[in-house]
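S.K.: This structure is in structure tokens; I'll ask about it shortly.
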There are 10 protein chains.
Amino acid sequence: MLRRGEQPAKRLETFPNHHPGRDYVITLRTEEFTCVCPVTGQPDFARLIIQYIPDRKIVESKSLKLYLWSFRNQGIFHEHAANTVLDKLVKILAPRWCKVTADFAARGGISITVEAEHGKRNG
Amino acid sequence: MLRRGEQPAKRLETFPNHHPGRDYVITLRTEEFTCVCPVTGQPDFARLIIQYIPDRKIVESKSLKLYLWSFRNQGIFHEHAANTVLDKLVKILAPRWCKVTADFAARGGISITVEAEHGKRNG
Amino acid sequence: MLRRGEQPAKRLETFPNHHPGRDYVITLRTEEFTCVCPVTGQPDFARLIIQYIPDRKIVESKSLKLYLWSFRNQGIFHEHAANTVLDKLVKILAPRWCKVTADFAARGGISITVEAEHGKRNG
Amino acid sequence: MLRRGEQPAKRLETFPNHHPGRDYVITLRTEEFTCVCPVTGQPDFARLIIQYIPDRKIVESKSLKLYLWSFRNQGIFHEHAANTVLDKLVKILAPRWCKVTADFAARGGISITVEAEHGKRNG
Amino acid sequence: MLRRGEQPAKRLETFPNHHPGRDYVITLRTEEFTCVCPVTGQPDFARLIIQYIPDRKIVESKSLKLYLWSFRNQGIFHEHAANTVLDKLVKILAPRWCKVTADFAARGGISITVEAEHGKRNG
Amino acid sequence: MLRRGEQPAKRLETFPNHHPGRDYVITLRTEEFTCVCPVTGQPDFARLIIQYIPDRKIVESKSLKLYLWSFRNQGIFHEHAANTVLDKLVKILAPRWCKVTADFAARGGISITVEAEHGKRNG
Amino acid sequence: MLRRGEQPAKRLETFPNHHPGRDYVITLRTEEFTCVCPVTGQPDFARLIIQYIPDRKIVESKSLKLYLWSFRNQGIFHEHAANTVLDKLVKILAPRWCKVTADFAARGGISITVEAEHGKRNG
Amino acid sequence: MLRRGEQPAKRLETFPNHHPGRDYVITLRTEEFTCVCPVTGQPDFARLIIQYIPDRKIVESKSLKLYLWSFRNQGIFHEHAANTVLDKLVKILAPRWCKVTADFAARGGISITVEAEHGKRNG
Amino acid sequence: MLRRGEQPAKRLETFPNHHPGRDYVITLRTEEFTCVCPVTGQPDFARLIIQYIPDRKIVESKSLKLYLWSFRNQGIFHEHAANTVLDKLVKILAPRWCKVTADFAARGGISITVEAEHGKRNG
Amino acid sequence: MLRRGEQPAKRLETFPNHHPGRDYVITLRTEEFTCVCPVTGQPDFARLIIQYIPDRKIVESKSLKLYLWSFRNQGIFHEHAANTVLDKLVKILAPRWCKVTADFAARGGISITVEAEHGKRNG
């Protein structure tokens, strides 16, 4: 949760993984991702699920919240949002595996889910 | 849905009720209401339910979408958000009855729902 | 189900109520109501629920299906669709009580439900 | 459950109510009611719910099963099935209150529920 | 959502995939697919799910809505509807993998789901 | 939970109500009630719900568990089980209001729920 | 749906598969399968799911409805019902793969599901 | 959420109600209430629901979190927990109506829910 | 269902498999398994699921009911109950594959599920 | 359940596996795991699922309850909690396979699930 003065930010912080000898899966899930349609400027809403097997770093959850908040007034297509978050996590965490799922609410009666993956979960 | 150039707005538009001789209930529901905490500045998310018995006017749904969008970057307490939306609808529609329910997502493990009503549904 | 040659129709058929001495409730429900937005021309979809206490007549269900089908390419506002179906049933059946609920799928993130009633269920 | 040789039957058996000094509600529920459409001859399927406040008699559940089985190959309209079962129970049990709900599976996309009641639950 | 003057159309539009170096899955889902039975002329209703791994093109969602709308008054068998949509997407997008699932509402107590796939998801 | 040597028992223990100045509702619920059919000797299973407004006494929950356990090998009709538990609680607790609901699993495709009440909840 | 004069029948009709170049899966599902216990004569009820990959033929759904109806008064064990329907479909359709699942309602507190398969789905 | 150095506390803070002219209902809900059994010392877990119609004061939600946290290592009977929270809120807020529901997880197969109310919701 | 005089029994009866040329799966499921804790003597409750591919024999369901009833007053650990039922079925049926799942209700807030398997489902 | 004087403890007790010749899976599940955030000191809540294939030892469930209780006032990160429980079980049981899943309630709108595994389930 935020203290007064905290701001949305594109920077993710990490802390060391204490169990690097074991492949284990961390899943972060929020119902509260929102961004803006780059064509119409209207708000979009998604459930976002981030899953990864850490190598040496674990993402710090408060910085993740500020990072996801940074999309609030940003124009981005559904298909790119999931890939952008994945690219960021791969760059910061260098995880053994990572998958981002963005499940957007329906527009015009059609909903869009995008699932992007880096590496293989079993391998 | 928005056309390019549409903007969030505090103004609600109406059209005439073609069945004023009958008390009937209109329910508008969205999972996509978001505003900002006036203390911490962080985003809040709610399911919003608007119910009313129209008298002479019905709220136009696109203007309602723009009106709800106008809260996106506005700081407002949970308890006041429902009352503010209700006050607005009562002023614009002069409905025979109106109820607004705002069901906010949990913060610190506690969720808050606010239900505010104008007039009586039966009578 | 339709035989070849059946067509959507605005005419409802009835058969006599064999239990007029008792107030009982008949509920007809479909997930397959569709009409067209009178402004944009685009399709709308609704769950429709019809409830009534018959007096001397019961609506024949195949004719009801053809009647609901007749809205498929008709332009009509959400708020009027429920009232129009209610008016029709009241005229044809002269029921002791009747209620029509039309629960339309979301457009622009907002769904609309309209509940219109004729008479009182207990009285 | 049936022993070999048991048959569907229109006769209901009862046993005495041991608690006639108290109004209490018995609910019998089955997902396995089936009868035949009197027009087309095709099978219909319903969930059937029987509720009553006994006076001096309680319906014996095995005889109820045989009674409901007796509709299996009988042609009857949805609206009449519920009323017929209610009439039978009222005649046999003389209950303080009784309600029969028959919730038929959809035909042509429309499902029909019939709720018939004898007496008042609170009175 | 549609602007005045938009029409159902058989033409799908695309935009370039910005992440062609990664296999990722896009899922489009609607509860609002309707077409007409080619034998009886009556309306059919389905949930339609489109999934694909894009190569160089992504389908533009508004054109998809207009394309699905184009089936509204078209006679087509359940088994062919899913294959026809799949064929169209394969032709327009040349995706690495594509699957179309059409889940039709029950007729005569029997529902039909058709799942057609082009290529292999893992390969 | 039981200590070694604990036994099913027909005796209920109580402790004093510390808030007798306020009407409040206590609900006890178990999915684990089982008794035996007095006719066939076979096991029956029910969800049992006990609700009451205490006057001067509250039932001690471990003794309630032992009491409900005492029905495990006892032959009793569905209709009488709920009334028997209610009679016992009324005698021991002298509550301002009490209701017992026994919801028995289906036999021969028919399930039975019995709801017995002592006094009025609001009054 | 049935026209007057239609009868249950053991004969299944087919129409040609227009997409024989593609392996795709058709699923037919009904909650309305009923037959009779060959030992006690009592009715049994099941959810029936038929899945297949067509080769040259597709089963015509109305004839399937009449075929399933033909079990209504036939004595057959749960374990044999699924296998009998599967054998019939394999004989008539010569499908690339076929699976029949029959999920029977509980008797004596035990439900039985039978899953029988012909060929391999992926192969 | 807590800042470093925050502690569980028995003190509730309030802020003024800006809509005292209207009776409206605020519902606070948490799945994370835990206390300790006063007899065995073992942990108990409950869903806690607080509902009230404010008069001049609204409870500040962070202080409510600290207050509920203060029960974490406190021994208290299920029946008293709900009443104690209600007494506290009535004392601090002087609300027009207030209800506390504590829904404790099962022990020995029996769950306990306690609903305590101050004043009447309608009047 | 039981006739008068039937008793719980450790003996399972079988009948011949009429489709030995096909590997198919039979699933038997009950929510009504109960036994006794060997340490405390208190009742335990489980959902029991039996799945097998028959070779030459199918278990007769009434004898299975009597067999499961035989655990009602028997002391047995959760971990051993599933294995004991599996051993019995393997011995009596010599199935191609068999799996028993026992899903016991929570004690002290912890539930236990045991899944024991004989042979491989595919092979 | 606890007897007076029982305390949270880091020591797990075991009893011998009576079916070491068979690989079978034991699943222990609780909704009642709570620990403390090491940064803020505030309580965290999780659903904890422990699954293992025993070799020679089975964990005694009462000692497991006392062990999980021992985290109640211990500061530990979400990511480490699952690994710590897994390490402990592996050390005490030397299981053929073990997996621990900790599914923590949302903080700041983001929930975290950690799944840690020792060995392979099939192998």
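The values are calculated or read from the model by the stated rules, or taken from the named source; none is laboratory data. Quantities reported herein were computed from a predicted structural model and do not represent experimental measurements. We place every Cβ from the backbone using ideal geometry, glycine too, and count neighbours over all the protein chains shown. Surface areas here come from the heavy atoms of the whole protein model, side chains and all, with no ligands, DNA or RNA. Shrake-Rupley method; radii C 1.70, N 1.55, O 1.52, S 1.80 Å.
S.K.: Has segment D:12-21 got at least one residue that is in contact with a Leu (Cβ under 6 Å, 6 or more places away or on another chain) and among the polar types (S, T, N, Q)?
M.R.: Initially, segment D:12-21 is screened for residues in contact with a Leu (Cβ under 6 Å, 6 or more places away or on another chain), giving none.
No, there is no match, as no residue in segment D:12-21 is in contact with a Leu (Cβ under 6 Å, 6 or more places away or on another chain) and among the polar types (S, T, N, Q).
S.K.: Which is open to solvent by less than 30 Å² (accessible area, probe 1.4 Å), away from chain D (no Cβ under 14 Å) and not β-branched (Val, Ile, Thr), of I:Pro20, I:Pro43?
M.R.: I:Pro43
S.K.: Of the numbered conditions (1) open to solvent by 10 Å² or more (accessible area, probe 1.4 Å); (2) more than 30 Å from D:Asn83 (Cβ to Cβ); (3) in contact (Cβ under 8 Å) with a residue 12 or more places away in the chain, C:Arg56 fails exactly one; give the number of that condition.
M.R.: Only one criterion is unmet by C:Arg56, namely (2).
S.K.: The conditions are (1) outside any strand (DSSP E or B); (2) closer than 23 Å to C:Arg72 by Cα; (3) touching a residue at least 12 places away in the same chain (Cβ under 8 Å); (4) open to solvent by 10 Å² or more (accessible area, probe 1.4 Å), and E:Ala105 fails exactly one of them. Which is it?
M.R.: Evaluating E:Ala105 over (1) outside any strand (DSSP E or B); (2) closer than 23 Å to C:Arg72 by Cα; (3) touching a residue at least 12 places away in the same chain (Cβ under 8 Å); (4) open to solvent by 10 Å² or more (accessible area, probe 1.4 Å) leaves (1) as the failure.
S.K.: Still on this model: Which one of these does B:Leu86 not meet: (1) in contact (Cβ under 8 Å) with a residue 12 or more places away in the chain; (2) in a strand (DSSP E or B); (3) within 12 Å of chain H (Cβ to nearest Cβ)?
M.R.: (2)
S.K.: Also: Of everything in segment B:36-53, what is free of Cβ contacts under 8 Å to residues at least 60 places away in the same chain and assigned to a strand (DSSP E or B)? Give them in sequence order.
M.R.: Listed by number, the residues that qualify are B:Val36, B:Pro43, B:Ala46, B:Arg47, B:Leu48, B:Ile49, B:Ile50, B:Gln51, B:Tyr52.
S.K.: Mind counting the residues in segment G:18-38 that are over 14 Å from the mean Cα position of the chain (by Cα), aliphatic (A, V, I, L, M) and farther than 23 Å from D:Pro43 by Cβ? Steps first, please.
M.R.: Restricting attention to segment G:18-38, the residues satisfying the condition of being over 14 Å from the mean Cα position of the chain (by Cα) are G:18-25, G:36-38.
Those left that are additionally aliphatic (A, V, I, L, M): G:25, G:36.
After this cut, where a residue has to be farther than 23 Å from D:Pro43 by Cβ as well, the list is G:25.
Result for segment G:18-38: 1.
S.K.: So, one more: State yes or no: is B:Phe15 surrounded by fewer than 18 Cβ atoms within 10 Å (Cβ to Cβ), in a strand (DSSP E or B) and over 13 Å from the mean Cα position of the chain (by Cα)? Explain how you work it out, then say what you get.
M.R.: On the way: surrounded by fewer than 18 Cβ atoms within 10 Å (Cβ to Cβ): yes; in a strand (DSSP E or B): yes; over 13 Å from the mean Cα position of the chain (by Cα): yes.
The answer is yes for B:Phe15.
S.K.: I need a count of the residues in segment D:73-83 that are in contact with a Phe, Trp or Tyr (Cβ under 8 Å, 6 or more places away or on another chain) and away from chain C (no Cβ under 14 Å).
M.R.: Residues that pass the stated criteria total 0.
S.K.: Further, regarding this structure: Being buried (at least 21 other Cβ atoms within 10 Å of the Cβ), assigned to a strand (DSSP E or B) and at pLDDT 95 or above narrows it down to one of J:Lys99, J:Lys65, so name that one.
M.R.: Values: J:Lys65 fails: assigned to a strand (DSSP E or B).
Matching residue, one of J:Lys99, J:Lys65: J:Lys99.
S.K.: What's the number of the condition J:His80 fails, among (1) within 22 Å of A:Pro16 (Cβ to Cβ); (2) assigned to a helix (DSSP H, G or I); (3) in contact (Cβ under 8 Å) with a residue 24 or more places away in the chain?
M.R.: Only one criterion in (1) within 22 Å of A:Pro16 (Cβ to Cβ); (2) assigned to a helix (DSSP H, G or I); (3) in contact (Cβ under 8 Å) with a residue 24 or more places away in the chain is unmet by J:His80, namely (3).
S.K.: Identify, by number, the condition in (1) among the hydrophobic types (A, V, I, L, M, F, W, C); (2) at negative phi; (3) more than 9 Å from every other protein chain (Cβ to nearest Cβ); (4) open to solvent by 40 Å² or more (accessible area, probe 1.4 Å) that H:Cys35 doesn't meet.
M.R.: (4)
S.K.: E:Gln7 - would you say it is outside any loop (DSSP other than H, G, I, E, B), open to solvent by 30 Å² or more (accessible area, probe 1.4 Å) and either among the acidic types (Asp, Glu) or away from chain B (no Cβ under 14 Å) (or both)? Spell out how you get there, then give the answer.
M.R.: Details: outside any loop (DSSP other than H, G, I, E, B): no; open to solvent by 30 Å² or more (accessible area, probe 1.4 Å): yes; either among the acidic types (Asp, Glu) or away from chain B (no Cβ under 14 Å) (or both): yes.
No; evaluated as a whole, the condition is false for this residue.
S.K.: Please find, among I:Ser111, I:Ser70, the residue that is facing chain J (nearest Cβ under 10 Å), closer than 27 Å to H:Gly109 by Cα, among the hydroxyl-bearing types (Ser, Thr, Tyr) and open to solvent by less than 30 Å² (accessible area, probe 1.4 Å).
M.R.: Working: I:Ser70 fails: facing chain J (nearest Cβ under 10 Å).
Step by step, each of I:Ser111, I:Ser70 is checked, and only I:Ser111 is facing chain J (nearest Cβ under 10 Å), closer than 27 Å to H:Gly109 by Cα, among the hydroxyl-bearing types (Ser, Thr, Tyr) and open to solvent by less than 30 Å² (accessible area, probe 1.4 Å).
Listed here are the residues, each with its yes/no results for (1) assigned to a loop (DSSP other than H, G, I, E, B); (2) in contact with a Leu (Cβ under 6 Å, 6 or more places away or on another chain).
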position	(1), (2)
C:Glu31	no, no
C:Asn73	yes, no
C:Ile92	no, yes
C:Pro95	yes, no
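S.K.: Identify the single condition in (1) facing another protein chain (nearest Cβ under 7 Å); (2) modelled with pLDDT of 95 or more that B:Gln51 does not satisfy, given that it satisfies every other one.
M.R.: Unmet condition: (1).
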